[in-house]
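Just so it is clear, none of the values below were taken in a lab; they were calculated from the coordinates. For clarity, every value in this text was computed on a predicted model and none was experimentally measured. Note that we place each Cβ from the backbone using ideal geometry, even for glycine, and neighbour counts take in every protein chain shown.
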Amino acid sequence: MDQAEPRWDRDLLYGKQGELLIDDYLTWIAKGNGRVETKRKRRLDLEFYVETECDKGRTGNYQPSGINGTTSDLWVYVLGDSKIALCLPTELLRAAMKHSSVRSVSENDGACPTRGVLVNIGAMFAVARSNGNGNGQ
């Protein structure tokens, strides 16, 4: 009778690589070196607002901002008060912004209106899989 061979050694190595990635992210945050852009999301849904431009002082003159002005390697969305944080490589987020499901939106409250897009988490997964960064499951 054939039995599945547990490959705990492979799973252990794969898990360790994940731990090292998180260690890198936490080091970047602790150093405060600008490699991480952090956003706090109030609404717990599947869409993430990505700012692309802003109108500082409400002059009617929009300038590149948000993802169009960042030099960060990583965007982290803190999801409300849930204690959940979603870490996204900036390169992946930029690629997901080109997905067909993305919608243009604007935020007009406050002294600095912004424009941007709503990116669904499914678009992020689709881009990751198409780039060979997912296992296709």
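Counting only alpha carbon atoms, the long axis of helix 8-31 and the longest principal axis of the chain meet at about 30°. Excluding same-chain neighbours fewer than eight residues apart, the lysines reachable from Lys56 by a Cα-Cα span under 28 Å are Lys39, Lys41, Lys98. Could you tell me the calculated FRET efficiency between Arg35 and Asn131, based on Cβ-Cβ distance and R0 = 25 angstrom, to the nearest 0.05? It comes out at approximately 0.75.
A straight chain from Arg7 to Leu86 at 0.36 nm per residue would run longer than the Cα-Cα distance by 25.6 nm. Placing dummy labels 7 Å off each Cα toward the beta-carbon, the span from Leu26 to Ile121 is 2.2 nm. Be a star and scan region 90-133 for residues whose amide nitrogen sits under 16 Å from the point 7 Å along the Cα-to-Cβ vector of Thr59. Only 111-114 pass the distance filter. Between the C-alpha center of region 8-26 and that of region 54-111 there is a gap of 28 Å.
Legend: ranking of residues Lys16, Lys39, Lys83 from fewest to most surrounding C-beta atoms inside 10 Å; resulting order Lys83, Lys16, Lys39.
Its relative contact order, with pairs defined as Cα atoms under 8 Å and 6+ residues apart, puts the chain at 23 percent.
Ordering Arg115, Arg43 from the fewest to the most neighbouring beta carbons within 10 Å gives Arg43, Arg115. Each residue of region 91-134 gets 70 Å³ once the volume of the Cα convex hull is shared out per residue.
Between the helical axis of 121-130 and the longest alpha-carbon principal axis of the chain there is an angle of about 60 degrees.
Each of Ile121, Ile84 was scored by other Cβ atoms within 10 Å of its Cβ. Arranged with the fewest first, they read Ile84, Ile121. For the chain, the spherically averaged projection of the C-alpha convex hull amounts to 11.4 nm². Would you look at the GNM of the chain, springs on alpha carbons closer than 10 Å, and say which of Glu107, Glu47, Glu19 moves the most? Comparing Glu107, Glu47, Glu19 in the GNM, the peak value goes to Glu19.
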